[in-house]
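Beneath this line is the structure, given in structure tokens, with notes to follow.
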Number of protein chains: 2
Amino acid sequence: MLTLYYTSGTCARASHITLEEAGADYETVRVNFATNDQNKPEFLAINPKGRVPALVTDRGILTETPAILLYIAQCFPDAGLAPVEDHFATAELQSINSYLCSTVHVFHAHRPRGSRWADDEASIDAMKKKVPENMLNAFQHIEKNMFKGPWVMGDTYTVADPYLFTLSCWLKGDGVNIDDLPTIAEHRERMLERPAVQKVLAVEEA
Amino acid sequence: MLTLYYTSGTCARASHITLEEAGADYETVRVNFATNDQNKPEFLAINPKGRVPALVTDRGILTETPAILLYIAQCFPDAGLAPVEDHFATAELQSINSYLCSTVHVFHAHRPRGSRWADDEASIDAMKKKVPENMLNAFQHIEKNMFKGPWVMGDTYTVADPYLFTLSCWLKGDGVNIDDLPTIAEHRERMLERPAVQKVLAVEEA
């Protein structure tokens, strides 16, 4: 049994969708950011970083989305969620997910979490102002240089798809009109047709 | 044959050391940041992101350190640089490397690269001011919650070791006294004894 600690609307959505796509036996625990539960001792015992996602396994606890996604894909090879037998293709997949994690997610975080990187309000406001431009540029880079279509890696759906979808759900709040990103917009529609995505969004909204 | 595009003192050092540890047949090409070569057409054809490292392989070009490190480890299994047969241990390794990439490297980047996230000088200065505190906190978190010893993952040297070493080399410039991080300081000394590390540092300095 796997247990995913998640918060609605966060990057944990990618892991949640992937558990569902894999057909894994799992349960979820919601961490309420509104009451700051991520920084309470009960959750810090799960993840000292005070972040979601955290995936509790029989072997221990995993954090960081790129690691969790590849782990699920490797544990459920029949689901075909990563090209696990092909080292180069796996590296391409990990490269995309690393970019989403370390560049795109970080661009986004400068809107709600600017206090991580500066203390004064004026600087935090200045960071927020640059988020629309950075997010648009990053997704345009993805459209131009990474996305193969119809799925991120080409003909085969992989764990990069729910991750890209999850981050694309932040575009509106980040001041980007998804109509300016036609490939990303089409990908989102394609994702919304998947039963696993529909189920996870319903759980998040319940 | 593999070709690593690198710049001295950057995170490309981790991939460079790993190629050396793996016994790979590789060559290196230095990208000169001082003359902004990373943003010239010749290099953007290699990596449209204008960043190092980039690893040119027979199958294509790979970017992003966590992806490159796992790829080298998987291609040279006899070197034993990652627990590639153990999905959970591999995920733990990828989790550490993802944290180094998306949190620690990003904390550091707010000193030399603040213009990525805000436009005005006052905000960029405010970001620089917070770097020592963030880097110290991040490395203390690594010491307390990640590092097993004597290597990052425990008794066995893995690709997390050159990555941690590479980022620890930035501490002084980031205003952190490594003597406040005894485990990290010991790890750095242990790394400096390795012939692969000595060779790579000599190449960078040449």
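The values are calculated or read from the model by the stated rules, or taken from the named source; none is laboratory data. Remember, it's a predicted structure, so these values are computed and weren't measured experimentally. Quick reminder, even Gly has a Cβ in these numbers, built from the backbone with ideal geometry, and neighbours come from all protein chains shown.
Among the residues of this structure, B:P48 counts as one that is part of a loop (DSSP other than H, G, I, E, B), at the interface with chain A (Cβ under 8 Å from one of its Cβ atoms) and within 28 Å of A:A109 (Cα to Cα). Taken over segment A:107-127, residues that are in contact with an Asp or Glu (Cβ under 9 Å, 6 or more places away or on another chain), of a type outside the set (D, E, K, R) and under 16 Å from A:S168 (Cα atoms) amount to 2. Within segment B:28-48, the set of residues being within 18 Å of the chain's Cα centre (by Cα) and surrounded by fewer than 23 Cβ atoms within 10 Å (Cβ to Cβ) comprises B:T28, B:V29, B:R30, B:N32, B:F33, B:Q38, B:N47. Would you call B:V200 modelled with pLDDT of 95 or more, surrounded by 16 or more Cβ atoms within 10 Å (Cβ to Cβ) and touching a His at 6+ places or on another chain (Cβ under 8 Å)? Considered against the rule, which asks whether it is modelled with pLDDT of 95 or more, surrounded by 16 or more Cβ atoms within 10 Å (Cβ to Cβ) and touching a His at 6+ places or on another chain (Cβ under 8 Å), B:V200 comes out as yes. Could you tell me whether any residue of segment B:94-106 is buried (at least 16 other Cβ atoms within 10 Å of the Cβ), in contact with a strand residue (DSSP E or B) (Cβ under 7 Å, 6 or more places away or on another chain) and either of a type outside the set (S, T, Y) or assigned to a helix (DSSP H, G or I) (or both)? Yes, some residue in segment B:94-106 is buried (at least 16 other Cβ atoms within 10 Å of the Cβ), in contact with a strand residue (DSSP E or B) (Cβ under 7 Å, 6 or more places away or on another chain) and either of a type outside the set (S, T, Y) or assigned to a helix (DSSP H, G or I) (or both). Being within 28 Å of A:C75 (Cβ to Cβ), facing another protein chain (nearest Cβ under 9 Å) and among the charged types (D, E, K, R) is not true of B:R116. Pairing each residue of segment B:128-139 that is β-branched (V, I, T) with any residue that is assigned to a helix (DSSP H, G or I), provided the two are 6+ apart or on different chains, yields C-beta distances under 8 Å for B:V131/B:F107; B:V131/B:H108.
Residue pairs whose Cβ atoms lie under 6 Å apart, separated by 6 or more positions or on different chains, with the first residue in segment A:24-36 and outside the structural domain of A:Y71 (by TED's automatic domain parsing) and the second surrounded by 12 or more Cβ atoms within 10 Å (Cβ to Cβ) and part of a loop (DSSP other than H, G, I, E, B), do not occur.
Out of A:L62, A:L70, one residue alone is assigned by TED's automatic domain parsing to the domain that holds A:T18, closer than 26 Å to B:P66 by Cα and touching a Leu at 6+ places or on another chain (Cβ under 7 Å). It is A:L62. For B:L136, are the conditions met, namely being at pLDDT 95 or above and either closer than 30 Å to A:C75 by Cα or within 7 Å of another protein chain (Cβ to nearest Cβ) (or both)? It is false that B:L136 is at pLDDT 95 or above and either closer than 30 Å to A:C75 by Cα or within 7 Å of another protein chain (Cβ to nearest Cβ) (or both). When you check B:T103 against the structure, is it among the hydroxyl-bearing types (S, T, Y), within 27 Å of B:F33 (Cβ to Cβ) and more than 14 Å from chain A (Cβ to nearest Cβ), yes or no? The answer is no for B:T103. Can you find, within segment A:3-45, the residue that is farthest from the other protein chains (Cβ to nearest Cβ) among those that are more than 19 Å from A:L164 (Cα to Cα) and assigned to a loop (DSSP other than H, G, I, E, B)? Across segment A:3-45, the extreme among qualifying residues is A:N32.
Of everything in segment B:150-174 that is crowded, with 24+ Cβ neighbours inside 10 Å and among the β-branched types (V, I, T), the residue that is nearest to A:W117 (Cα to Cα) is B:T166. The conditions of being under 25 Å from A:A160 (Cα atoms) and basic (K, R) are met by B:K49. Considering (1) farther than 28 Å from A:A67 by Cβ; (2) without any contact (Cβ under 8 Å) to a residue 12 or more places away in the chain; (3) under 16 Å from the mean Cα position of the chain (by Cα), the lone condition that B:G173 does not fulfil carries the number (2). Answer yes or no as to whether A:A79 is out of contact with any Pro (no Cβ under 8 Å at 6 or more places or on another chain), within 21 Å of B:C11 (Cβ to Cβ) and more than 8 Å from chain B (Cβ to nearest Cβ). It is false that A:A79 is out of contact with any Pro (no Cβ under 8 Å at 6 or more places or on another chain), within 21 Å of B:C11 (Cβ to Cβ) and more than 8 Å from chain B (Cβ to nearest Cβ).
If I filter segment A:51-76 down to residues being closer than 14 Å to A:L93 by Cβ and either over 19 Å from the mean Cα position of the chain (by Cα) or among the hydrophobic types (A, V, I, L, M, F, W, C) (or both), which single residue comes out as nearest to the other protein chains (Cβ to nearest Cβ)? Filtering segment A:51-76 for residues that are closer than 14 Å to A:L93 by Cβ and either over 19 Å from the mean Cα position of the chain (by Cα) or among the hydrophobic types (A, V, I, L, M, F, W, C) (or both), the one nearest to the other protein chains (Cβ to nearest Cβ) comes out as A:A67. Of all residues in segment B:52-78, those that are in contact (Cβ under 8 Å) with a residue 40 or more places away in the chain and surrounded by fewer than 23 Cβ atoms within 10 Å (Cβ to Cβ) have Cβ atoms under 6 Å from Cβ atoms of residues that are hydrophobic (A, V, I, L, M, F, W, C) and in a helix (DSSP H, G or I), 6 or more apart or on another chain, in B:F76/B:A22.
For B:E85, the conditions (1) at the interface with chain A (Cβ under 10 Å from one of its Cβ atoms); (2) assigned to a loop (DSSP other than H, G, I, E, B) are fulfilled apart from (1).
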